[in-house]
1. Do we have any residue at all in segment 114-126 that's under 20 Å from R227 (Cα atoms) and among the small types (G, A, S)?
2. Have a look at A193, A215, A200 and point out the one that is within 15 Å of R158 (Cβ to Cβ) and either open to solvent by 10 Å² or more (accessible area, probe 1.4 Å) or not in a loop (DSSP other than H, G, I, E, B) (or both).
3. Across segment 152-178, what is the number of residues that are free of Cβ contacts under 8 Å to residues at least 24 places away in the same chain and of a type outside the set (D, E, K, R)?
4. Could you check segment 65-89 and list, in sequence order, the residues that are aliphatic (A, V, I, L, M) and over 12 Å from A164 (Cα atoms)?
Amino acid sequence: MQRELPFNGQRDWRIVRYVLAGIVGFAVLAQVLVYLSLVALVDRPYAAAMVGAALISLLMGVPLIVVAAMQFRRAQRLRNQINHVVAHDATTGCVTGRGLVQHVNGLERRRQRGAEELHGALIHLRINNLDDVGAAFGPEWSDELLQFVASTISTSVRRDDVVARTGPASFDVLLVGATEADAEQVCTRLTKALTSSHFAADGSKVDLAFSVGGALFDGSVDLEQLRRTAASEAVAVAATQSVGFVRLPSA
């Protein structure tokens with residue numbers, strides 16, 4: 001159910017007065033300009049009408065166009081800000097699941113226009129003890145742990161890789177253009193960074209428990225299939241454990 005906006009009588013009547021004043025002012029100014037043009041060109045009424053119309057268009061049209069352009073630019077700026085907020089997670093600053101879908105859709109559109117095949121990998125990571133941290137120390141420490149993991153992931157992957165928070169305790173990393181060796185290297189670096197990291201909640205050391213899995217893709221990017229496969233292949237990571245990838249068939 002949509003929420004009804006309250007009626008603000010004073011503000012609405014002020015807008016009505018501004019509109020009426022603008023209409024009256026425009027009509028008066030138009031009459032003045034036409035009169036002046038007729039006086040100046042009394043023996044040439046057709047030319048006077050043309051001059052009056054040109055002056056009205058210049059003096060009225062240009063400000064209206066400028067105001068409309070400024071409002072359009074403002075609306076575009078606000079739309080971009082809203083899209084950024086919707087596409088980014090407020091807690092971690094990572095891309096949201098919706099933002100990841102939009103990114104993949106953009107890749108697919110470019111692929112279809114350029115007939116260029118896509119290849120790469122998706123790494124899925126899930127924090128297994130996030131709820132335990134929240135229950136033991138409070139929900140604010142769950143957010144701290146999420147931010148800590150997101151920061152560690154972002155500093156461990158390549159610059160062009162997309163890090164997305166796709167669940168309450170899960171992250172997906174999209175590696176476009178990565179070979180199997182590249183994906184293995186990124187995943188190894190990521191798991192080592194997390195297993196060797198030190199996180200303290202309210203002064204108490206917390207051992208991070210997480211699972212990680214991955215899947216390779218060739219051709220088009222079927223994001224849902226990638227996420228299901230990577231999540232199903234996720235395993236709890238030990239300190240020296242390496243994680244393999246499942247190759248998906250080309251589209």
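The values are calculated or read from the model by the stated rules, or taken from the named source; none is laboratory data. Values in this document were obtained by computation on a predicted structure and should not be read as measured data. Methodologically, a virtual Cβ is constructed for each residue, glycine included, from the backbone with ideal geometry; neighbour enumeration extends over all protein chains shown. SASA here: full protein model, heavy atoms, side chains in, ligands and nucleic acids out. Shrake-Rupley method; radii C 1.70, N 1.55, O 1.52, S 1.80 Å.
1. yes
2. A193
3. 0
4. Answer for segment 65-89, where residues must be aliphatic (A, V, I, L, M) and over 12 Å from A164 (Cα atoms): I65, V66, V67, A68, A69, M70, A75, L78, I82, V85, V86.
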